[in-house]
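Quick notes on the structure that follows.
The values are calculated or read from the model by the stated rules, or taken from the named source; none is laboratory data. Bear in mind the structure is a predicted one, so any value in this text is a computation, not a measurement. All Cβ positions, glycine included, derive from the backbone under ideal geometry; neighbour counts span all protein chains shown. In case anyone asks, the SASA skips ligands and DNA or RNA and just uses the protein heavy atoms, side chains included. Shrake-Rupley method; radii C 1.70, N 1.55, O 1.52, S 1.80 Å.
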Amino acid sequence: MKINLNDNFRNLAQSYLFSEIGRRVREYQAANPDKSVVRLGIGDVTLPLPACVTAAMQTAAAELGDKKTFRGYPPEYGYDFLREAIRAHYASFGVSVAQEDIFVSDGAKSDCGNFTDVLGDNTVYMPDPVYPVYMDSNVMSGRTVVLLPSTPENGFLPMPDERCSTGVYYLCSPNNPTGAAYSAGQLKVWVDFAKASGSLILYDAAYEAFISDDSPRSIYAVEGANECAVEICSFSKTAGFTGTRCGYTVVPGTLMAGDVSLRALWARRQATKFNGVSYPVQRAAAAAYSPEGMAACMENIAYYKENARLIAALLDQKGIPYTGGKNSPYLWLACPGGMSSWDFFDYLLQSVQVVGTPGAGFGACGEGFFRLTSFGSREATAEAVRRLRGAL
Ligand code: PLP
């Protein structure tokens, strides 16, 4: 071929984190077939969907098989019944969002990556360590990225500092991978900074349902955020939709760059490149945000949080510093004895066959840290805790 390809792809760091974890675990298992490995590494849910969610999906699928109720293409921005359920979800924790500002999608990953389509040549800021999608989608589109270190000193919650000027800021709270969540006061500082500097905040709230203290569940809980922030959210971790696929992005009509409405651009982008989420999935998502569905989702989240509590209790007992667990399914711990994160990974795999995620895989500032997730079964988590007690 003689066509030119997107050269920016050459600038992507090798995405080897989960494949490298997989390779090391496979090699260990091949050499030690009698040992059982417990995995607390991947951020995928394990509990099944609530019954009212699968019932809604089945009813919707049956409607599609009946001439009288068949539907074709869904509206690009989501059915009104789901946009209304999302609006009501925000209202349930006291946040006012307009239905026409809500764009339903097939998940937060797509929206995080696709939003770069409507942005021009800006400096992009994001925390380090970071959810890799923010970084890679900006590298693919050739943008300059400035990393804001998330360290024990700032509680893994970077704030605007002297390096920050007008640009696009990715914030994720509760954070993947560190589990840390911004307080209302900290988010207010970010919103005030963004407004004063003319910046845009892209706020990822994928883990909002895990918040159990008074940290905001949405950036729109902060006054002025509707003049400077887009919020991306997902049914994946709230309702177990990692395989079902549904998310949403809120782009307030009040977000203007000069005389251009960001919402109008995002609407145009979605209408051009996206044909909507399937009807059964949107019905399932609306059922998840019904009172009955939300009660079932919160039961599942309570189950994961109990797993997190079991892991946290062990870390407390061993005096190992960590963040997360309380407002997040993730626990982010300092590798004991100053070990590197991959050495600690190997040590746990070899000594007690527990698999976690080395922090270095999320960015240079993740070196020396390790992520454990609470998304496993209770049995697997209890077994991992039992083994870790002997190894730490
Ligand atoms: N945002 C963050 C911070 C995540 O950790 C994840 C998934 O792990 C996503 C977005 C992706 O969510 P979705 O499954 O809706 O694509």
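Length, then width, then depth: along the principal axes, the Cα atoms of the stretch 269-392 run 51, 35, 22 Å.
Counting alpha carbon pairs within less than 8 Å and at least 6 residues apart, what relative contact order, in whole percent, applies to the stretch 51-289?
On the way: 437 pairs, mean separation 67.3, N = 239.
Dividing the mean separation by the residue count of the stretch 51-289 yields 28 percent.
Percent of C-alpha pairs per 10 Å bin in the stretch 244-302, short distances first: 19, 34, 28, 18, 2.
Checking every one of the trypsin sites (Lys or Arg not before Pro) in the stretch 1-93 against DSSP loop status and a limit of 14 other Cβ atoms within 10 Å picks out K2, K35, K67, K68, R71. Amide hydrogen proximity for I201: with H placed 1.01 Å from N in the peptide plane, the residues at 5 or more positions away or on another chain lying under 5 Å are Y169, A229, V230. Each residue of the stretch 34-45 is assigned a 3J(HN,Hα), and the resulting list reads 7, 9, 9, 9, 9, 9, 10, x, 7, x, 10, 6 Hz, derived from the Karplus form 6.51 cos²θ - 1.76 cosθ + 1.60 (θ = phi - 60°), x at Gly and Pro. One equal scatterer on each Cα of the stretch 77-217, no solvent, Debye formula: the resulting log10 I(q)/I(0) at q = 0.10, 0.13 Å⁻¹ is -0.35, -0.61. Ordered from highest to lowest accessible area with the whole protein assembly present and a 1.4 Å probe, T54, T373 read as T54, T373. Annotation for the stretch 148-165 versus the stretch 317-392: alpha-carbon center distance of 23 Å. Each label was represented as a point 7 Å from its Cα along the Cα-to-Cβ direction; for D121 and N6 these points are 1.8 nm apart.
For the stretch 350-355, backbone phi angles converted through the Karplus equation (6.51, -1.76, 1.60; θ = phi - 60°) give residue-by-residue couplings of 6, 8, 10, 6, 10, 10 Hz, Gly and Pro being listed as x.
Positive end of the dipole of the stretch 51-289 (Cβ unit charges, origin at the Cα centre): among A108, Q58, V130, the Cα lying farthest that way belongs to Q58.
Taking only the alpha carbons of the chain, we obtain Rg and Dmax values of 21.3, 67 Å in that order.
Excluding Y125 itself, calculate the net charge of residues whose Cβ lies under 15 Å from the Cβ of Y125, where each Lys or Arg counts +1 and each Asp or Glu counts -1. Don't jump to the answer; show the numbers that get you there.
Details: positive: R143, R163; negative: D121, D128, D161, E162, D204.
For residues surrounding Y125, the net value is -3.
Computed with a 1.4 Å probe over protein heavy atoms only, the accessible surface of the stretch 308-371 comes to 34 Å² per residue. Looking at the stretch 17-163, the pairs of alpha carbons with a distance over 29 Å make up 48% of the total. Sorted largest first by accessible area at a 1.4 angstrom probe radius, with every protein chain in place, the residues M294, M126, M140 fall in the order M140, M294, M126.
Take every DSSP beta bridge whose two residues both sit in the stretch 51-289; close to 40 percent of them are antiparallel. Over the stretch 156-206, the fraction of Cα-Cα pairs per 5 Å bin, rounded to whole percents and listed from the shortest bin up, is 5, 21, 32, 25, 15, 3.
Taking a Cβ cut-off of under 13 Å around A108, the surrounding Lys, Arg, Asp and Glu residues balance to a net charge of -2, with basic ones at +1 and acidic ones at -1. In units of the rule-of-thumb radius 2.2 N^0.38 Å, the stretch 22-101 shows an alpha carbon radius of gyration of 1.86. Exposure check, 1.4 Å probe, all protein chains in place: E100 carries approximately 110 Å² of accessible surface. Would you work out the relative contact order for the stretch 225-275, in percent, from Cα pairs under 8 angstrom that are 6 or more residues apart? So the answer I get is 30 percent.
Expressed per residue, the C-alpha convex hull volume of the stretch 267-334 stands at 133 Å³. In the stretch 51-289, the portion of solvent-accessible area held by carbon and sulfur atoms comes to 53 percent [1.4 Å probe, whole percent, DNA, RNA and ligands not counted].
In this calculation the C-beta distance from A257 to A62 is compared with R0 = 51 Å, giving a FRET efficiency of 0.70.
Which number comes out as Rg/Rh for the stretch 107-169 once both Rg and the Kirkwood Rh are worked out on C-alpha atoms?
Radius of gyration over Kirkwood radius for the stretch 107-169 works out to 0.98.
Ignoring ligands, DNA and RNA, what accessible area per residue does the stretch 51-289 give at 1.4 Å, in Å²?
Accessible surface, normalised per residue, equals 38 Å².
For L148, the residues whose amide H sits under 5 Å from its own are M126, D128, ignoring neighbours fewer than 5 places away on the same chain, with H placed 1.01 Å from N.
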